[in-house]
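Below is one structure, written out as structure tokens; comments come after it.
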Amino acid sequence: MTVLTIEEMAETLAPRQAIAGLDLGTKTIGLSMSDLGRRFATPRTVIRRVKFTIDAQALLVFAQSEKVAGFIIGLPMNMDGSAGPRVQATRAFVRNMEQKTALPFVYWDERLSTVAAERTLLEMDVSRAKRAERIDSAAASFILQGALDRLSLLARSDGDEFNA
């Protein structure tokens, strides 16, 4: 497994390969998936965290069943841009995944993704109980959508499209 920049991922992805978004929480891992054209992020289920080996196995089963070509993982930076304990935990999770998979990971600044997801769910009039169930996957979709938008911009600046 390799940690890539978004620009490096843009260079390595083949056309029509989907990527997954991850919102790594202390209790759950929110999941989202791109379409094959890498234009839209769609929330998926959450993985309830137990311990790393079980969490990693569940993530790899998800990746295999969805034919994931890489992961965009939210990096929970502090609002002032500094890295706190959650950033360290996220980086440790990715380092531990190195022994489990060759799939690449890209860190994506996730500041305000949960706030945006919460706002969207409120606008959709989703009940408090349902919001609690869906917030992590919605945040993973915001993380992934930001990366997909950047990938699209990179493709346009290079003069080619992902699904030519």
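The values are calculated or read from the model by the stated rules, or taken from the named source; none is laboratory data. Everything quoted here is computed from the prediction, not taken from an experiment. Methodologically, a virtual Cβ is constructed for each residue, glycine included, from the backbone with ideal geometry; neighbour enumeration extends over all protein chains shown. In case anyone asks, the SASA skips ligands and DNA or RNA and just uses the protein heavy atoms, side chains included. Shrake-Rupley method; radii C 1.70, N 1.55, O 1.52, S 1.80 Å.
Would you call K67 among the basic types (K, R), over 15 Å from the mean Cα position of the chain (by Cα) and open to solvent by 50 Å² or more (accessible area, probe 1.4 Å)?
Criteria not met by K67.
From the set of residues in the stretch 24-44 that are over 18 Å from A69 (Cα atoms) and among the hydroxyl-bearing types (S, T, Y), which is modelled with the lowest pLDDT?
Restricting to residues being over 18 Å from A69 (Cα atoms) and among the hydroxyl-bearing types (S, T, Y), the top hit is T26.
S65 - would you say it is among the polar types (S, T, N, Q), at pLDDT 95 or above and in contact with a Phe, Trp or Tyr (Cβ under 8 Å, 6 or more places away or on another chain)?
For S65, the condition - among the polar types (S, T, N, Q), at pLDDT 95 or above and in contact with a Phe, Trp or Tyr (Cβ under 8 Å, 6 or more places away or on another chain) - is not met.
Kindly indicate whether L75 is modelled with pLDDT of 95 or more, open to solvent by less than 60 Å² (accessible area, probe 1.4 Å) and touching a Ser or Thr at 6+ places or on another chain (Cβ under 7 Å).
So L75 fails the test.
Test D55 against the stated conditions and say whether it is modelled with pLDDT of 95 or more and open to solvent by less than 40 Å² (accessible area, probe 1.4 Å).
It is true that D55 is modelled with pLDDT of 95 or more and open to solvent by less than 40 Å² (accessible area, probe 1.4 Å).
I'm trying to understand the selection: among the residues of the stretch 23-42, which are open to solvent by 20 Å² or more (accessible area, probe 1.4 Å) and in a loop (DSSP other than H, G, I, E, B)?
Matches in the stretch 23-42: T26, K27, D35, L36, R39, F40.
Just to be sure before I move on: is S82 farther than 16 Å from P104 by Cβ and surrounded by 17 or more Cβ atoms within 10 Å (Cβ to Cβ) in the structure I sent?
no
In the list A89, A20, which residue meets the criterion of being among the hydrophobic types (A, V, I, L, M, F, W, C) and open to solvent by 10 Å² or more (accessible area, probe 1.4 Å)?
The match here is A89.
Might you check whether a residue that is over 12 Å from the mean Cα position of the chain (by Cα) and polar (S, T, N, Q) occurs anywhere in the stretch 44-53?
Taking every residue of the stretch 44-53 in turn, at least one turns out to be over 12 Å from the mean Cα position of the chain (by Cα) and polar (S, T, N, Q).
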